[in-house]
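The values are calculated or read from the model by the stated rules, or taken from the named source; none is laboratory data. Just so we're clear, the structure is a prediction, and the values are computed from it rather than from any experiment. Heads up, the Cβs are rebuilt from the backbone with ideal geometry, glycines too, and the neighbour counts pull from every protein chain shown. In case anyone asks, the SASA skips ligands and DNA or RNA and just uses the protein heavy atoms, side chains included. Shrake-Rupley method; radii C 1.70, N 1.55, O 1.52, S 1.80 Å.
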Amino acid sequence: MALAGCSWLLLSAAFLSVGAEISITPEPAQPAEGDNVTLAVHGLLGELLAYNWYAGPTLSLNYLVASYIISTGDEIPGPAHTGREAVRPDGGLDIQGVLPRHSGTYILQTLNRQLQTEVGYGHLQILAQPVVMANNTALVERRDTLHLMCSSPSPAEVRWFFNGEGLPIAIRLGQSPDGRVLTRHGVRREEAGAYQCEVWNPVSVSRSEPINLTVYFGPERVAILQDSTTRTGCTIKLDFNTSLTLWCVSQSCPEPEYMWVFNGRALKNGRDHLNISSMTAAQEGTYTCIAKNPKTLLSGSASVVVKLSAAAVVMTIVPVPTKPMEGQDVTLTVQGYPKDLLVYAWYRGPASEPNRLLSQLPSGNWIAGPAHTGREAAFANCSLLVQKLNLTDAGRYTLKTITLQGKTETLDVELQVAR
């Protein structure tokens, strides 16, 4: 069969018939690199015996892609066959995954039963897929400049696409005269997204892979929320022993780093929320959230004031540990003591002078009472420390407080000592 093909090639020149009406068109009409393309043939006449396809300007054996015998369906590859071409029974030529090197002139030569030949000419142009190159794909808003270049070896027109759509007018204003370079000074957050360029001419088109641009900004509008309600700059009043969660929010890319400050003192909390599990007087004050963007190096803050509700300040006494053992120390911890405290006193049993353990004066000093054993000590928050417990320390303890306004309050607690 190969010899028959070669014999026909030698004979074909003698019977060449010019003025043929064979036309060749690519399908799709504007093929891109990587497409499967068919060179469709129109205008074939008569009973044909064979086809010859050439990829070149002349009927030269060097340009022969393949010969096809119609009666048997046999195809004989030629010197110009790349492994991607296949001749169709209707005379068309399929090319799988076309590359720019497939561009050029294609000639179809037919042979009929009268050993006459006709030729048809077609042209295929495949534009190489362009590549978008960027000076940087992660930029800081209003500070950095964006440079995008559409790189392509093909002399063709250029179109740009943003998130799959035509480039917005505002961004198009930054194009170079030839359209291949896109420049944006002081890039904005709205310009973050996927960019592509496309090269095209009347017979071919090719679009680049997307390149994704990130624009860093913020933090802006830093706020503190409580139950989805903005509380920045407000005073939050809580009942005694209730819980509270404060959320810090902002507009930022990327997510900022957080730091919480309580009354000017940094807390060990790097999260976007802060929990107050059991509200007491010691937790009253100003809470500030500081948000810092690690990329823009900008920061912002918001603050709230948290206070106990006036009616919620209930004084309680809690032994710590709750069930101390003989020989241990115990602290009778006072929560919710009056803020305007003048003096207080602890008693072993009812609040009477013989039972007084100690008293604390406005100066902060405390004075031992008749019942003091040398193992008791007092704190500014009204708490009482009893050291090296023995079984006789079990029983009732009474706290008496007096405010600047002369208001007196008495509270007792039962202490149990285990063996």
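Taking the stated definitions as given, is G300 in contact (Cβ under 8 Å) with a residue 40 or more places away in the chain and within 30 Å of G395 (Cα to Cα)? So G300 does not fit the description; no.
Assess whether D178 counts as being surrounded by fewer than 16 Cβ atoms within 10 Å (Cβ to Cβ), among the charged types (D, E, K, R) and either out of contact with any Gly (no Cβ under 6 Å at 6 or more places or on another chain) or in a loop (DSSP other than H, G, I, E, B) (or both). The answer is yes for D178. Within segment 72-100, the residues that satisfy the criterion of being in a loop (DSSP other than H, G, I, E, B) and of a type in the set (D, E, K, R) are R84, R88, D90. With the condition kept exactly as written, say whether any residue in segment 54-73 is of a type outside the set (D, E), crowded, with 17+ Cβ neighbours inside 10 Å, touching a Lys or Arg at 6+ places or on another chain (Cβ under 6 Å) and not assigned by the TED database to the domain that holds C253. Looking for residues that are of a type outside the set (D, E), crowded, with 17+ Cβ neighbours inside 10 Å, touching a Lys or Arg at 6+ places or on another chain (Cβ under 6 Å) and not assigned by the TED database to the domain that holds C253, one finds none in segment 54-73, hence no. Name the residues in segment 28-42 that are modelled with pLDDT under 95 and open to solvent by less than 40 Å² (accessible area, probe 1.4 Å), would you? Listed by number, the residues that qualify are P31, A32. Across segment 211-225, the qualifying residues are those that are closer than 30 Å to P153 by Cβ and out of contact with any Gly (no Cβ under 8 Å at 6 or more places or on another chain), and the one among them that is least open to solvent (accessible area, probe 1.4 Å) is I211. Of all residues in segment 368-419, those satisfying the criterion of being charged (D, E, K, R), open to solvent by 60 Å² or more (accessible area, probe 1.4 Å) and assigned to a strand (DSSP E or B) are R396, K400, E409, D412, E414.
Restricting attention to segment 255-262, does a residue exist that is outside any strand (DSSP E or B), in contact (Cβ under 8 Å) with a residue 24 or more places away in the chain, open to solvent by 30 Å² or more (accessible area, probe 1.4 Å) and among the hydrophobic types (A, V, I, L, M, F, W, C)? Checked against the condition, which is being outside any strand (DSSP E or B), in contact (Cβ under 8 Å) with a residue 24 or more places away in the chain, open to solvent by 30 Å² or more (accessible area, probe 1.4 Å) and among the hydrophobic types (A, V, I, L, M, F, W, C), segment 255-262 yields no hits at all. Within segment 319-352, the set of residues being in contact (Cβ under 8 Å) with a residue 40 or more places away in the chain and among the aliphatic types (A, V, I, L, M) comprises M325, V330, L332, V334, L341, L342, V343, A345, A351.
The criterion of being surrounded by 17 or more Cβ atoms within 10 Å (Cβ to Cβ) and either closer than 13 Å to I224 by Cβ or not basic (K, R) (or both) holds for S252. Hey, does segment 243-260 have a residue that's under 28 Å from A377 (Cα atoms) and of a type in the set (A, V, I, L, M, F, W, C)? Within segment 243-260, not a single residue is under 28 Å from A377 (Cα atoms) and of a type in the set (A, V, I, L, M, F, W, C).
Please determine whether any residue of segment 162-170 is within 16 Å of M133 (Cβ to Cβ) and open to solvent by 20 Å² or more (accessible area, probe 1.4 Å). No, the conditions are met nowhere in segment 162-170. State whether one or more residues within segment 328-351 are open to solvent by less than 80 Å² (accessible area, probe 1.4 Å) and within 32 Å of the chain's Cα centre (by Cα). Checking segment 328-351: not a single residue is open to solvent by less than 80 Å² (accessible area, probe 1.4 Å) and within 32 Å of the chain's Cα centre (by Cα). Listed conditions (1) within 27 Å of T145 (Cα to Cα); (2) open to solvent by 50 Å² or more (accessible area, probe 1.4 Å) are all met by S228, apart from (1). I'm trying to understand the selection: among the residues of segment 263-290, which are hydrophobic (A, V, I, L, M, F, W, C) and either in contact (Cβ under 8 Å) with a residue 12 or more places away in the chain or not in a loop (DSSP other than H, G, I, E, B) (or both)? Across segment 263-290, the qualifying residues are A266, L274, I276, M279, A281, A282, C289, I290. Within segment 303-316, can one find any residue that is in the same structural domain as N241 (by the TED database), part of a strand (DSSP E or B), open to solvent by less than 60 Å² (accessible area, probe 1.4 Å) and under 30 Å from T214 (Cβ atoms)? So far as segment 303-316 goes, no, none of its residues is in the same structural domain as N241 (by the TED database), part of a strand (DSSP E or B), open to solvent by less than 60 Å² (accessible area, probe 1.4 Å) and under 30 Å from T214 (Cβ atoms).
Can you work out which of the residues in segment 154-197 that are more than 27 Å from the chain's Cα centre (by Cα) and modelled with pLDDT of 90 or more is nearest to Q125 (Cα to Cα)? Residue satisfying both the conditions and the ranking: V158. Within this structure, A29 passes the test of being in a loop (DSSP other than H, G, I, E, B) and in contact (Cβ under 8 Å) with a residue 12 or more places away in the chain.
Among the numbered conditions (1) in contact (Cβ under 8 Å) with a residue 24 or more places away in the chain; (2) outside any loop (DSSP other than H, G, I, E, B), the only one that Q129 does not meet is (2).
Within segment 2-27, the only residue that satisfies the criterion of being modelled with pLDDT of 50 or more, open to solvent by 60 Å² or more (accessible area, probe 1.4 Å) and touching a strand residue (DSSP E or B) at 6+ places or on another chain (Cβ under 7 Å) is E27.
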